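Have a look at the structure below before the remarks.
Where a number appears in this text, it was derived from the coordinates with a stated rule and is not lab data. Everything numeric here is computed off the predicted structure, so don't read it as measured data. Methodologically, a virtual Cβ is constructed for each residue, glycine included, from the backbone with ideal geometry; neighbour enumeration extends over all protein chains shown.
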Amino acid sequence: MFENLTNKLESIFSKLKSAPSLTEEQVDSGLKEIRLALLEADVALSVVKEFISNVKPKAIGQEIIKSTSPGQMIVKIVYDELVTILGSKNEEINLKAVPPISILLVGLQGSGKTTSAAKLASLIQNKHKKKVMVASLDVYRPAAQEQLKLLAEKNDIQCLPIVDNQQPLDISKRALNAANLNGSDVIIFDTAGRTQIDLPMMSEIKKIKEITNPVETILVADSLTGQIAVNIAKEFDTVVNLSSIILTRVDGDARGGAALSMKQVTGKPIKYIGVGEKVSDFEMFHPDRLANRILGMGDVVTLVEKAAQNLGEEKIKETEEELKKGIFTMDTYLSQLRQMKKMGGMEGVMSMLPGVNKMKAKIDQANIDEKMLIENEAIILSMTKKEKENPKIISGSRRKRISKGAGVDVSKINKLLKQFKMMSDMMKKMSQGKKIPSGMIPDEMLNQLK
Ligand SMILES: Nc1nc2c(ncn2[C@@H]2O[C@H](COP(=O)(O)OP(=O)(O)O)[C@@H](O)[C@H]2O)c(=O)[nH]1
Ligand SMILES: [Mg+2]
């Protein structure tokens, strides 16, 4: 995610930070490089201009240049400005209305509306504890309604039953009735898209809006299309008046131009981002956390929250309690490994840890994959209860027995035990409220994982 931009900024900043003192010229040339990096990331020119004109007077100020760590202070100034252009604060979905509350998703074909409908429904159900129903108004694309129905079924979301040959406006009315009857708090309407903006689509959306009276009209836009996504948002907003934006495929976006321009250009906040195809690959848009990620400082908070979502609040509290007491057993580790699998494997987890971007290549090299997770699971399951509680007792002969049980080489057991030790130390630090310092994932740990 945004790795091109992150890499460029990291190298610009490492130059600035390594200099013991900075001249005005050096700062100026650093800012020129930042400007170029933003433009190459496909950030709108107007946004780049404003960004630089806000950063410049602060960065060139005498108190910065004369300070003991000028580079570090410039990073902070850039960080603050990034947060500002990203929209400053995070905004939740608006659910303040009399139920059933309508939410309308609009956007071009393939932008991710149907997937996002299921993601958003699942989030509202799990996090906001509301009863949600989804309804597809896409009668144009073959099997579009079926797609939403299957997604809903798979994720325990209620879906309006499909009635053949019914038209969008009639489906909307039926959905409102159904929601009233079955006591749904929220209905999410998934609409049809076109390959490009056209008048019949817009006028249909306007009519649907009149009937459903949504509290949120959300544009679902594809991050990969950069400035095109921003322009589409402007056009949609002019005609149907948007309330917010869901940006999809952020997982595959190396540049980040759409995310960085959207708020400033359209005035509408990005509320959520799609970071993968699974229903759980959906995150709130936090300007501060994203700025952290972009500047290569990682995003530990999102990581912890994601774990909480997947594990369930209670289990997380239990684990937290255990960790606070310094208890970290193989069972805790096993549940973490399983968590990792759910969160997209090691790579998904690593990408959110501080200072990891630089090590991306190494991680790729290490070829950390599902296989490693599966093997480790087998190893832990081959341990006795005592061994799991106190891995220190796992001697040579025990290692041999475990390796037979798990069907892996003894060297894999050794590796896992080392990993366990390292994780256990790291968890202890985290539980004491210590932040993992940047670059904490040391080479040795990556080597462990190979
Ligand atoms: N990688 C990734 N794929 C996504 C994301 N959101 C949607 N997709 C995929 O994009 C394709 C089109 O999505 P769909 O919801 O059918 O788009 P719609 O035509 O707007 O309803 C599907 O294959 C989805 O799995 C995302 O955030 N990340
Ligand atoms: Mg669709």
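Details
- All C-alpha pair distances within region 2-59, sorted into 5 Å bins from zero, spread as 4, 18, 29, 26, 16, 6, 1 percent across the bins.
- Listed pairs K49/K89; K89/K129; K129/K149; K76/K418; K96/K271; K206/K268 exceeding 26 Å between Cα atoms: K76/K418
- Ordering of 18-25, 133-140 by burial proxy (mean other Cβ atoms within 10 Å per residue, highest first): 133-140, 18-25
- A cut-off under 12 angstrom between Cβ atoms defines the neighbours of C159, and their net charge, with Lys, Arg +1 and Asp, Glu -1, is -2.
- Each residue of region 101-294 gets 107 Å³ once the volume of the Cα convex hull is shared out per residue.
- Rule-of-thumb Rg ratio for region 111-219 [Cα; 2.2 N^0.38 Å; N residues]: 1.00
- When each of the peptides 44-54, 114-124 is scored by the mean number of other C-beta atoms lying within 10 Å of its residues, the order from highest to lowest reads 114-124, 44-54.
- Net +/- balance of residues flanking R255 in space, Cβ distance below 14 Å, scoring K and R +1, D and E -1: -3
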